[in-house]
1. Return, ordered by residue number, the residues of the stretch 28-72 whose backbone nitrogen is under 16 Å from a label point located 7 Å along Cα→Cβ of Lys200.
2. Could you tell me, in Å, what Rg and Dmax come out for the Cα atoms of the stretch 8-219?
3. So what is Rg over Rh here for the stretch 53-131, counting just Cα atoms and using Kirkwood for Rh?
4. What's the local net charge at Glu24, with K and R +1, D and E -1, over the other residues with C-beta under 12 Å away?
5. Can you figure out the FRET efficiency of Asp163 with Ser219, using R₀ = 25 Å and their beta-carbon distance, to the nearest 0.05?
6. Could you calculate the FRET efficiency of Thr171 with Asp39 from 1/(1 + (r/R0)^6), where r is the beta carbon distance between them and R0 is 25 Å, rounded to 0.05?
7. Considering only the other residues whose Cβ falls under 10 Å of the Cβ of Ser70, what net charge follows from Lys and Arg at +1 and Asp and Glu at -1?
8. Residue separation times 0.36 nm, minus the C-alpha to C-alpha distance between Val2 and Asn46: what's the value?
Amino acid sequence: MVGPIRPQFVLFGSSIVQLSYSDEGWGAILADIYARKADVLLRGYNGWTSRHALQVLDQVFPKDAAVQPSLVIVYFGGNDSMRSHPSAVSPQVPLPEYVENMRNIAIHLKSLSEKTRIIFLSAPPVNEARIREIYSDTMAKVRTNESCQQYSEACLELCREMDIKAIDLWTAIQKKDGWATACFTDGIHFSAEGSKIVVKEIMKVLREADWEPSLHWKSLPIEFEQVFVPEAEFREILDEKTILKLSEAIFLRQMKWE
């Protein structure tokens with residue numbers, strides 16, 4: 001543990017989370033937006049379903065931890081939705097079990113702290129043609145848009161029932177022209193363009209949520225903001241105007257996600 005202690009934002013999920021620091025991913029973008037404001041922690045596990053998540057929930061989020069996360073962003077559903085196939089082993093979790101697993105994940109996270117906030121991401125669409133091209137015909141048959149939509153809708157319905165913030169990735173991704181090719185690297189995992197959509201949706205939730213305290217980046221203090229004062233020999237280079245321009249550049253980089 002290093003100090004000072006900042007708010008912790010935990011990204012918890014399958015490969016869409018694990019890879020979120022790759023290819024200008026959405027996790028890396030969040031870490032950039034919240035630099036000096038919050039620590040973005042990655043807990044992503046390739047190939048996992050909600051069933052796997054339940055097995056380690058107490059280890060990833062122990063209830064007796066000295067510091068509990070301020071925000072947990074959860075994504076499971078794509079792997080859960082994979083259909084069974086005679087020629088392949090599928091990790092499919094039946095829809096009713098998936099819903100109950102996600103319910104239990106939410107109950108556990110809510111129990112961590114009164115201040116722990118939760119956002120669920122629903123299953124996004126996939127590019128079945130690209131999956132067939134990169135992987136196999138069998139993979140394209142078990143990872144389908146029809147199934148992803150069913151699990152996405154079930155996740156969103158659960159969130160409405162439990163009063164949990166949710167992001168409808170199934171719909172958000174498809175709003176972009178040419179989404180099937182632009183938003184994915186392999187038909188399943190997000191490209192830089194896909195990740196931009198995820199970040200904008202997350203920032204919208206954080207901006208509009210009536211949480212106290214707010215977790216929007218504008219509302220969080222900048223760590224050690226008053227410590228940096230240019231020494232005399234640097235004042236010609238780092239005068240007030242220059243420092244202001246540097247601050248504005250950082251601000252504008254963050255503002256583009258609003």
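Every read-out reported here was derived from the displayed coordinates using simple, explicitly stated rules and does not represent laboratory data. Just so it is clear, the structure is predicted and the values come from calculations on it, not from any experiment. Here the Cβ positions follow ideal geometry from the backbone for every residue, glycine too, while neighbour counts run over all protein chains shown.
1. Hits in the stretch 28-72 for Lys200 at 16 Å: 29-30.
2. Reported Rg and Dmax, both Å: 16.5, 53.
3. 1.06
4. Working: positive: Lys196; negative: Asp23, Asp32, Glu193.
Cβ neighbours under 12 Å give a net charge of -2.
5. Once the sixth-power term is evaluated, E becomes 0.70.
6. Working: r = 30 Å, r/R0 = 1.21.
The computed FRET efficiency comes out at 0.25.
7. After counting each charged neighbour, the total is +2.
8. Working: separation 44, 0.36 × 44 = 15.84 nm, distance 2.78 nm.
This chain segment gains 13.1 nm when fully extended.
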